[in-house]
Amino acid sequence: MKILVVCLGNICRSPLAEGILKSKLPENFSVDSAGTISLHEGEHPDKRAVETAESHGISIGKQKSRPITKKDFEAFDKIYCMDLSVYEDVISMAKNEEQRTKVALFLEEAEIPENNYEVFDPYWSGLDGFEKVYQLLDQASENIKTKLLNHQI
Ligand code: 4NP
């Protein structure tokens, strides 16, 4: 099972989700992340995201931002989006129904109906915003792990 998590810049939310999911899932699952824009391509995650993950024992500092590509729709089984605008952009890149069915909102898959199933963007907030996003992603990842291991996904 190959999972791709996607946000806008791939420097805040999806790197955190990638790190958290990797820390929870067995090794036969592979997890990667990407952004819908290439503005931060090649950059490591935002230092506030790195610091927040580090405070929970998770290392994400070596990740590098990359934009999602059409090949990702073949390479991955599930593509989880952090908010509705990302979801719309990702869906518009899918070439057929099979590819579209791989795409979902991360919080919808996790059955967490908070904020219209959207993970808010902490980019313009302080460390407290990153911690809130971390907690939300941690709970969502736990729910998704349970569903995956019970073959409900
Ligand atoms: P992310 O956060 O989508 O969670 O990585 C953002 C990162 C960068 C920008 C916006 C959001 N930006 O506009 O550069």
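The values are calculated or read from the model by the stated rules, or taken from the named source; none is laboratory data. Owing to the predicted nature of the structure, the values given are computational and were not obtained by experimental measurement. With ideal geometry, Cβ positions are generated from the backbone for all residues, glycine too; neighbour counts draw on all protein chains shown. Accessible surface is based on the protein model in full, side chains and every heavy atom, while ligands, DNA and RNA are left aside. Shrake-Rupley method; radii C 1.70, N 1.55, O 1.52, S 1.80 Å.
Considered as a group, the residues in the stretch 131-153 that are assigned to a loop (DSSP other than H, G, I, E, B) and not polar (S, T, N, Q) include one that is least open to solvent (accessible area, probe 1.4 Å), and that residue is I153.
Yes/no per residue for (1) out of contact with any Leu (no Cβ under 7 Å at 6 or more places or on another chain); (2) crowded, with 24+ Cβ neighbours inside 10 Å:
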| residue | (1), (2) |
| --- | --- |
| V6 | yes, yes |
| I11 | yes, yes |
| K22 | yes, no |
| V31 | no, no |
| S38 | yes, no |
| D46 | yes, no |
| G61 | yes, no |
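Of E98, E108, which residue is farther than 24 Å from G42 by Cα and surrounded by fewer than 16 Cβ atoms within 10 Å (Cβ to Cβ)? E98 is the lone residue from the list that is farther than 24 Å from G42 by Cα and surrounded by fewer than 16 Cβ atoms within 10 Å (Cβ to Cβ). When restricted to residues that are within 8 Å of the ligand (Cβ to nearest atom) and either over 15 Å from E54 (Cα atoms) or of a type in the set (V, I, T) (or both), the stretch 1-21 contains 6.
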